[in-house]
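Remarks on the structure that follows.
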Amino acid sequence: MTKLLEPIQAGSLTLTHRLIMPPMATSKAEADGRVSQAILDYYKEKTAGGYLSLVIIEHSFIEQKGKASKNQLSVAENSMIGDLKHLAEVIHQNGSKTMMQINHAGSAASSEVTGYSPVAPSAIINPRTGGELPHELTQEEIANIVQAFKNAARRTKEAGFDGVEIHSAHGYLLNQFLSPLTNKRTDEYGGTLENRIRLHLQVIKAVRAEVGEDYPLLLRLGASDFMEGGTTLEDSQFAAREFEKAGISILDISAGLCGYMRPAAEGRFPALTEGIRKVVSIPVILTGGITQIETAEQLLIDGKADLIGVGRAILHDSKWAAEGIRKLQSMKNNQI
């Protein structure tokens, strides 16, 4: 059997094979963040046939101040739950599991989109997106954000999703707290690495308490900023161990402040996923620029990750997963 066709267990979650679709922003939601017919049609098309074991929905904002862009999906209000149920049902009907990614943009937000001045751990313009000078969060505001993550996770579960993913990559708020380039605080949320992941741990604890011990909880980790003075793999290895202890079920690895485009090789972050995988016992997801099913298979054989995410290839070709799985099945049959 090929590695990609092997099932995997992550806590209470069983996936039939190791090919997943990671979050890809579609900008297809309604202006207020509601699920649109365009989003339903998009995910119905991409999951047709059930060739994807797991689909992680595009990042969704947990409160208006954390909205990253126009037409971003919302999980910020209880009124969204009914429409989100329809989205989960569409994907389930096609035979895939699905999770929602919840996010706060922090300094990557803009007042034009949110109606509010952006916020951040420190008053530093976002190195990735530029934009406005953000307001440094007070401890009361930080506590409110923890509550917003908790509420968003509850809505995700009530909507029938199979799990929830906390976003801490690509220069968004939690990533901003982790990175020493954007976190210059002098209180218990800044300075040492232990302090810079304090908010992560508070969010994980609050979400885990809300959704229960058996509900899959993922975290997308920007494991390196690829910038001088920024977060390193060694920092993220320490953070990953702490996140596992706190209750994370799967780690979804990407880059930090530089975004998701570097390095440019297919399967962009194997050194990061391999490094993280060495220090945790939970599954690790590798994504980034994979266009060939053979590459995905080889990354698993080489021990770089436990799950392979393919986003842009499926974005451009809705039949990519079906053709890839058929090719793997043929490889498997030839091995028998």
Report summary line: The lone condition Tyr116 fails out of (1) surrounded by 19 or more Cβ atoms within 10 Å (Cβ to Cβ); (2) in contact with a helix residue (DSSP H, G or I) (Cβ under 9 Å, 6 or more places away or on another chain) is (1)
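Being among the small types (Gly, Ala, Ser), assigned to a loop (DSSP other than H, G, I, E, B) and more than 11 Å from the chain's Cα centre (by Cα) is the filter; apply it to the range 157-172 and report the residue that is nearest to Phe226 (Cα to Cα).
First, the residues of the range 157-172 that are among the small types (Gly, Ala, Ser): 159-160, 163, 168-169, 171.
With the extra rule that they be assigned to a loop (DSSP other than H, G, I, E, B), the set shrinks to 159-160, 169, 171.
Imposing the further condition that a residue be more than 11 Å from the chain's Cα centre (by Cα) reduces the set to 159-160, 171.
Values: Ala159: 37, Gly160: 37, Gly171: 12 Å.
That would be Gly171.
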Query raised in the report: Got at least one residue in the range 31-43 being touching a residue at least 12 places away in the same chain (Cβ under 8 Å) and under 15 Å from the mean Cα position of the chain (by Cα)?
Result: no
Report summary line: Note on Ala10: of the conditions (1) modelled with pLDDT of 95 or more; (2) over 25 Å from His135 (Cβ atoms), unmet is (1)
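Please pick out the residue among Lys70, Lys44 that is charged (D, E, K, R) and in a helix (DSSP H, G or I).
Details: Lys70 fails: in a helix (DSSP H, G or I).
That would be Lys44, the only listed residue that is charged (D, E, K, R) and in a helix (DSSP H, G or I).
Would you mention how many residues in the range 289-312 are part of a loop (DSSP other than H, G, I, E, B) and either farther than 16 Å from Leu219 by Cα or in contact with a Pro (Cβ under 6 Å, 6 or more places away or on another chain) (or both)? Outline the logic, then answer.
If we filter the range 289-312 for residues that are part of a loop (DSSP other than H, G, I, E, B), which is where we start, we get 289-292, 302-306, 310-311.
From what's left, either farther than 16 Å from Leu219 by Cα or in contact with a Pro (Cβ under 6 Å, 6 or more places away or on another chain) (or both): 289-292, 302-304, 306, 310-311.
Residues that pass the stated criteria total 10.
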Query raised in the report: Just wondering, is there one or more residues in the range 191-198 that are of a type outside the set (D, E, K, R), in contact with a helix residue (DSSP H, G or I) (Cβ under 6 Å, 6 or more places away or on another chain) and surrounded by 18 or more Cβ atoms within 10 Å (Cβ to Cβ)?
Result: yes
Requested in this report: Tell me which of these Gly190 doesn't satisfy, since it passes every other one: (1) over 19 Å from Met227 (Cβ atoms); (2) part of a loop (DSSP other than H, G, I, E, B).
Outcome: (1)
**Report entry** Selected residue (only one of Val75, Val90, Val55 is aliphatic (A, V, I, L, M) and surrounded by fewer than 22 Cβ atoms within 10 Å (Cβ to Cβ))
**Finding:** Val90
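For every residue, the table says whether it meets (1) closer than 14 Å to Asn183 by Cα; (2) hydroxyl-bearing (Ser, Thr, Tyr); (3) surrounded by 23 or more Cβ atoms within 10 Å (Cβ to Cβ); (4) modelled with pLDDT of 95 or more.
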site: Gly106; (1), (2), (3), (4): yes, no, yes, yes
site: Ala109; (1), (2), (3), (4): no, no, yes, yes
site: Gly131; (1), (2), (3), (4): no, no, no, no
site: His135; (1), (2), (3), (4): yes, no, no, yes
site: Glu140; (1), (2), (3), (4): no, no, no, yes
site: Phe149; (1), (2), (3), (4): no, no, yes, yes
site: Ala153; (1), (2), (3), (4): no, no, yes, yes
site: Ala159; (1), (2), (3), (4): no, no, no, yes
site: Ile166; (1), (2), (3), (4): no, no, yes, yes
Report summary line: Taking the range 1-41 and keeping only residues that are β-branched (Val, Ile, Thr) and either part of a loop (DSSP other than H, G, I, E, B) or surrounded by 20 or more Cβ atoms within 10 Å (Cβ to Cβ) (or both), one is left with Thr2, Thr16, Ile20, Thr26, Val35, Ile39
Report summary line: When (1) in contact with a Phe, Trp or Tyr (Cβ under 9 Å, 6 or more places away or on another chain); (2) part of a loop (DSSP other than H, G, I, E, B); (3) surrounded by 19 or more Cβ atoms within 10 Å (Cβ to Cβ) are applied to Thr182, the one that fails is (1)
Report task. Could you tell me whether any residue of the range 13-22 is in contact with a Leu (Cβ under 6 Å, 6 or more places away or on another chain), farther than 18 Å from Lys67 by Cβ and not aliphatic (A, V, I, L, M)? Result -> yes
Query raised in the report: Could you count how many residues in the range 221-254 are in a loop (DSSP other than H, G, I, E, B), more than 17 Å from Glu194 (Cβ to Cβ), touching a residue at least 12 places away in the same chain (Cβ under 8 Å) and not hydrophobic (A, V, I, L, M, F, W, C)?
Result: 6
Query raised in the report: Which one of these is buried (at least 18 other Cβ atoms within 10 Å of the Cβ), aliphatic (A, V, I, L, M) and farther than 20 Å from Gln9 by Cβ: Ala321, Ala271, Ala305?
Result: Ala321
**Report entry** Residues of the range 157-198 satisfying the condition of being over 27 Å from Arg268 (Cβ atoms) and of a type outside the set (Lys, Arg)
**Finding:** Glu158, Ala159, Gly160, Thr186, Asp187, Glu188, Tyr189, Gly190, Gly191, Thr192, Glu194, Asn195
Query raised in the report: Hey, among Leu218, Leu199, Leu257, which residue is over 12 Å from His170 (Cβ atoms), outside any helix (DSSP H, G or I) and touching a residue at least 12 places away in the same chain (Cβ under 8 Å)?
Result: Leu218
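The values are calculated or read from the model by the stated rules, or taken from the named source; none is laboratory data. Predicted, not measured: the structure shown is a model, and the values here were computed from it. Cβ: placed from backbone, ideal geometry, glycine included. Neighbour counts: every protein chain shown.
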